[in-house]
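Please read the structure below before turning to the comments.
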Amino acid sequence: MLIVDSDVLLVERRLRTGELLCPSCGAVLAPWGHGRPREIRGDLGVRRFVRPRRSRCTGCQVTHVLLPEALWPRQLDAAEVIGVGLEIAALGMGHRQVAAHLGRADDTVRGWIRRFRRRSEDIRRYFTVALVALADDPVMPKSAASPLSDAVSVIAAAHRAAAMKWPEMNTVSPWAFAGRVIGGRVLTCTSSAS
Ligand SMILES: [Zn+2]
């Protein structure tokens, strides 16, 4: 799986001009049909369907689904919605309050928070390295109340640094940015997706 821009036409053009490279071996990816349709549940109950493009490596022959960065593997809800939930949780609210705020089921939100909490130390470390690499004068976020809050803060700081360096990053949300940087592994440590 490869996390790509949410702009379908842009991705198609990149795929057809050989600009997308295999995450395993670095060879050029070629078009290879489509993955199964997936539903994205956005903000305010908006639902839409996407059929992620599939690609096949011209080097190692492995197929890779091109997942738009608006989605994370195995999640129905848009990255943005989950990200906002994590930001609210970082303020110290429990999963029920977050769920009520977003209009999502308690269990769903509890799952996001639990998974992100498990990933938070790795994420904090990874995005701290990214922040140092991106910023000319990196300012480390102060350690917050919990590892979850620290992870949320450092993603935001790395995104700000990326937007300073590349202004087009301003149009990419911090959560889409996070997915792009770590190959969608925000809630899970593997990136496998069908
Ligand atoms: Zn390859």
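Quick note: the coordinates plus some simple rules give every number you see, no bench work behind them. Quick caveat, the model's predicted, so the values are computed rather than measured. Methodologically, a virtual Cβ is constructed for each residue, glycine included, from the backbone with ideal geometry; neighbour enumeration extends over all protein chains shown.
Odds and ends about this structure:
- Computed from Cα positions, the angle between helix 147-165 and the longest principal axis of the chain comes to roughly 50 degrees.
- Loop-located GluC sites (Glu not before Pro) in the range 1-65 (DSSP state other than H, G, I, E, B) with a sparse environment of at most 13 neighbouring Cβ atoms within 10 Å: 19.
- Degrees separating the helix 79-90 axis from the principal Cα axis of the chain, which is the longest one: 20
- DSSP bridge pairs, the chain: antiparallel proportion in percent, nearest 5: 75
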